[in-house]
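The values are calculated or read from the model by the stated rules, or taken from the named source; none is laboratory data. For clarity, every value in this text was computed on a predicted model and none was experimentally measured. All Cβ positions, glycine included, derive from the backbone under ideal geometry; neighbour counts span all protein chains shown.
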Amino acid sequence: MSIFNTILEKLGIQKPAVSAGTAGPAAPSTSVPSTTAAPSTAPMSKGSYAPPGLTTAPQGPAAMPVVDVMKKLDNLAGSSSGLDWKVSIVDLLKLLGMDSSLDARKSLATELNCPADLMNDSAKMNTWLHQTVLKKIAENGGNIPQSLLH
């Protein structure tokens, strides 16, 4: 499992499993059965055609549930931990019980495609990494406030 996926898992954010070859059993088919019947004669708008048996419009993707990351991390941090996950990637990783060593952070930065010029300056890499991790958490359904995504 990737480091970032571990972060999402620890925050209770579930990424959809869509990788080829790793999916579970095939879902039952929802396609309209093939038929030799003549096309529907129901009035339709010009140029449209509804296959026989189709009674509802296809549904779009389900809405992504929002996870209260702020509350989870604030609760983990408590008032006496001294960890400030809002400004420090090291503190964020520590709160989640993950390895926060330089090697671990470099691995995470590589996984998230950190620019090569930042990889040799740990302070710049950490700043980039913290912002990128928060942004990606938000993209995956975490409620990260805009003030932290600058």
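List of remarks:
- All positions within the range 74-100 that are closer than 17 Å to Ser122 by Cα and small (Gly, Ala, Ser): Ser88, Ser100
- Residue that is farthest from Thr6 (Cα to Cα) [pool: residues in the range 73-103 that are in contact with a Leu (Cβ under 7 Å, 6 or more places away or on another chain) and part of a helix (DSSP H, G or I)]: Ala77
- One residue stands out in the range 67-81 among those that are over 18 Å from Met98 (Cβ atoms) and touching a strand residue (DSSP E or B) at 6+ places or on another chain (Cβ under 9 Å): the one that is modelled with the lowest pLDDT, namely Asp68.
- Residue among Ala50, Ala123 that is more than 21 Å from the chain's Cα centre (by Cα), modelled with pLDDT under 80 and farther than 17 Å from Leu11 by Cβ: Ala50
- Condition check for Leu149: in contact (Cβ under 8 Å) with a residue 40 or more places away in the chain, of a type outside the set (Val, Ile, Thr) and either surrounded by fewer than 18 Cβ atoms within 10 Å (Cβ to Cβ) or farther than 17 Å from Phe4 by Cβ (or both): no
- Hits in the range 104-125 - residues which are closer than 15 Å to Phe4 by Cα and either out of contact with any helix residue (DSSP H, G or I) (no Cβ under 7 Å at 6 or more places or on another chain) or not in a loop (DSSP other than H, G, I, E, B) (or both): Ala104, Arg105, Lys106, Ser107, Leu108, Ala109, Thr110, Glu111, Asn113
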